[in-house]
Amino acid sequence: MSKIAVTGAGGQLGRELCRQHRSVVGLSREALPLTDAGAVRRRLETLRPRVLINAAAFTQVDAAESDPVACRAVNVRGVRHLAEVCRDIDCALVQISTDYVFAGSTSRGRPFREDDPPAPQGVYATTKFEAERIAAELPSHLIVRTCGLYASGDHAEAGNFVNTILRLARDGRHLRIVNDQMCTPSFVPHVAEAVLFLVDAAIGGNAPWGTYHVANSGETTWYQFAKELCRQAAVEATLEPISSEAYGAAAPRPAYSVLDTTKYREAGGPELPSWQQGLADRLSV
């Protein structure tokens, strides 16, 4: 495969993409500050990758509500900088996006398809959707929406949901967890493998450029997810289901944001296991 560059190489997905593909050039936040247009241009014009996967983002959803300028600087202006250079050097852009661009209700009858109209709520979700529209201006682009990423081992980040729940449960903490947001948290190695497949397939003409949903299969709430995590990890935990209103987060969350992955599966990509299997694979590492 042609040379691939990955921004956000210090994050969960970026690190895993670099681990899985020998030709990937990983670019950390320091190596490629997205908010600096000149630095972005100099670096990418030197590298001249065939594909750029943007796994960098301002992902602190609640913090974005109090600091929208910082969030927009990375998630919108930074993506614009990348897209402008990608156009000039004939480089495909892969924009990693999120289920948060949707705002389904609990009564929704089916997962979201790629062509369903987004309805982002809050600063983070809105900036991620704006980034999608910027990426879509390029003729060769992929927009990959995913959900609730968590990694393991050397690629684990202290703040991901799985690591946090395991740590707090083992400390004997009473955990109050939201039980009215339906989604599909996804294991990073499964997502990274799917992203690299789509890149290869699109370059080879075996799958169209465009938008794809990539997530583990099935659906669950965060409370149900935590309960299954503790069961599989054999950790005694006191879990209390609560409402989103009781949790009181600063940023709004979708009540239902399950992603339909039919388009990805029809492209012939590697299997996306169930969310339960994702947890099993995480705990086996």
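The values are calculated or read from the model by the stated rules, or taken from the named source; none is laboratory data. The shown structure was predicted, so the numbers you read here are calculated from the model rather than taken from an experiment. Reconstructed Cβ throughout: ideal geometry from the backbone, glycine too, with neighbour counts over all protein chains shown.
Report yes if some residue within segment 161-179 is surrounded by 23 or more Cβ atoms within 10 Å (Cβ to Cβ), aliphatic (A, V, I, L, M) and outside any helix (DSSP H, G or I); otherwise report no.
No: segment 161-179 contains no residue that is surrounded by 23 or more Cβ atoms within 10 Å (Cβ to Cβ), aliphatic (A, V, I, L, M) and outside any helix (DSSP H, G or I).
Please go through (1) out of contact with any Lys or Arg (no Cβ under 6 Å at 6 or more places or on another chain); (2) within 17 Å of Ile4 (Cβ to Cβ); (3) of a type outside the set (Phe, Trp, Tyr) for Arg50 and return the number of the only condition it doesn't satisfy.
(1)
Please list, ordered by residue number, the helices (runs of 4 or more DSSP H) wholly in segment 1-114 having 1 or more residues that are under 30 Å from Thr262 (Cα atoms) and of a type outside the set (Asp, Glu).
12-20, 61-66, 78-88
Restricting segment 141-159 to residues that are surrounded by fewer than 19 Cβ atoms within 10 Å (Cβ to Cβ) and under 17 Å from Arg19 (Cβ atoms), which is modelled with the highest pLDDT?
Gly153
Looking at segment 199-209 only, could you name the residues that are part of a helix (DSSP H, G or I) and touching a Phe, Trp or Tyr at 6+ places or on another chain (Cβ under 9 Å)?
Result: Ala202, single match.
Name the pairs: first residue in segment 1-27 and among the basic types (Lys, Arg), second residue part of a strand (DSSP E or B), Cβ to Cβ under 7 Å, at least 6 apart or on different chains?
Lys3/Val25
Condition first: over 21 Å from the mean Cα position of the chain (by Cα) and closer than 18 Å to Ser274 by Cβ. Now tell me which residues in segment 210-257 satisfy that.
Lys227, Glu228, Cys230, Arg231, Gln232, Ala233
So which of Pro49, Pro120, Pro111, Pro68 is free of Cβ contacts under 8 Å to residues at least 60 places away in the same chain and within 22 Å of Met182 (Cα to Cα)?
Pro120
Which condition number in (1) in contact (Cβ under 8 Å) with a residue 60 or more places away in the chain; (2) in contact with a Phe, Trp or Tyr (Cβ under 9 Å, 6 or more places away or on another chain) is the one that Leu82 fails?
(2)
When the residues of segment 73-110 are filtered to those that are of a type in the set (A, V, I, L, M) and touching a Pro at 6+ places or on another chain (Cβ under 6 Å), which remaining residue is nearest to Tyr124 (Cα to Cα)?
Within segment 73-110, the match that is nearest to Tyr124 (Cα to Cα) is Val101.
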